Every structure is written in C-alpha cells, then in structure tokens.
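Input: a single structure, listed below in structure tokens.
The values are calculated or read from the model by the stated rules, or taken from the named source; none is laboratory data. Since the structure is predicted, the reported quantities are computational estimates derived from the model, not experimental observations. A quick note on method: Cβ atoms are made from the backbone with ideal geometry, for glycine too, and the neighbour counts reach across all protein chains shown. Ligands, DNA and RNA are excluded from the accessible area calculation, which covers all protein heavy atoms including side chains. Shrake-Rupley method; radii C 1.70, N 1.55, O 1.52, S 1.80 Å.
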Amino acid sequence: MIQREPVFPANRHALYEEHGYSAAIRSGDLLFVSGQVGSRADGTPEPDFAAQVQLAFDNLKATLAAAGCTFDDLIDVTTFHTDPQNQFATIMEVKQATFPQPPYPNWTAVGVTWLAGFDFEIKVIARIPQ
C-alpha cells in the first residue's frame, strides 16, 4: 500500500494547523498540492491583486520545494478566479513568467464566487523527481 506523507513549506505550519489540512501530500512519486493563495505571513489576503497572484505562485513554489519539486515537475494545474474576465490578463502575466516555454502543464481555470477573502487560488499535481 502506498503511504501518504504530508509536506509543509517552512514557516507556514500554523496556517494549515488552524484550518486542518496539509499543504501537500506525497503519494508514491506524485505530489498533490492543496490550493495555494496569496496570503501574507499572518495568513491574511494580499490586497493588491497582481501581488496576490504572485504571492500565490511564491507560496506554491515553497510548497513544491519542500517536496524536492520545481515548477518543471508540474503535471496538472487548476486555478480558481473570483472575476475571471477582469483578472485573466494579470494572471497570464504571472503564468507566462513562470512557464516561459513549452512543455506547459495541463491547465484548467474555474470561475468561483468565493475564496475565503482571496481572489485567486492555484492547486497542482506534480511528479516528484527520482
């Protein structure tokens, strides 16, 4: 039976303890990362949208690194947006800077009405390098 191993980035344990979930779960050679948001060190949302998106990617990078992964290891990406039509250009700037060339990961964008005070969230599945 494949074991599930929780993965946490440095300095963010309190956020996950408070809400009762793991930042990511390693299962075999796959890493399933919970939705990452643009939260500041105290857990509150970054108010500037562009900065919030960048911070979400930064938080994702830290979670990936805690499992020995990078953005190059991503297989599947799902993003959640509270106002996709007006936010997409900003999100695409960060996405293109993060993934400047192929091969790109799969990507699904979903419009939602609520993200607990945030306007953007990103969750991924990555293959852990051997």
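The label point for residue 11 and the one for residue 115, both projected 7 Å from the Cα toward the Cβ, are 2.2 nm apart.
The mean sequence distance of close C-alpha pairs (under 8 Å, at least 6 residues apart), as a share of the length of the chain, puts its relative contact order at 32 percent.
Most tightly packed first, judged by the mean number of other beta-carbon atoms within 10 Å of their residues, the peptides 35-43, 109-117, 2-10 read 35-43, 2-10, 109-117. The listed peptides 17-23, 123-129, ordered by packing as a protection proxy, come out as 123-129, 17-23 (highest mean of other Cβ atoms within 10 Å first).
Hull volume per residue, based on the alpha-carbon atoms of the chain and their convex hull, is 111 Å³. In the full protein context, the chain carries 57 Å² of accessible surface per residue, based on a 1.4 Å probe and ignoring ligands, DNA and RNA.
Per-residue counts of other Cβ atoms within 10 Å, averaged by peptide: what ranking do you get for 83-90, 61-68, 99-106, highest first?
Per-residue Cβ counts within 10 Å, averaged per peptide and sorted highest first, yield 61-68, 83-90, 99-106.
Under the convention that each Lys and Arg Cβ holds +1 and each Asp and Glu Cβ holds -1, the size of the dipole of segment 1-78 around its Cα centre is about 140 debye.
Based on the Cβ-Cβ distance from residue 41 to residue 104, what FRET efficiency comes out when R0 is 22 Å, to the nearest 0.05? Approximately 0.10, to the nearest 0.05.
What number, rounded to the nearest 500 deg cm²/dmol, is the helix-based mean residue ellipticity at 222 nm of the chain, given -39500 (n - 2.57) per DSSP H run of at least four residues and division by all its residues?
Numbers: 3 runs with 40 residues, N = 130.
Taking each H run of at least 4 residues, the total per residue is -10000 deg cm²/dmol.
Computing the accessible area with a 1.4 Å probe over protein heavy atoms, can you report the carbon and sulfur percentage for segment 52-94? Carbon plus sulfur share of accessible area: 50 percent.
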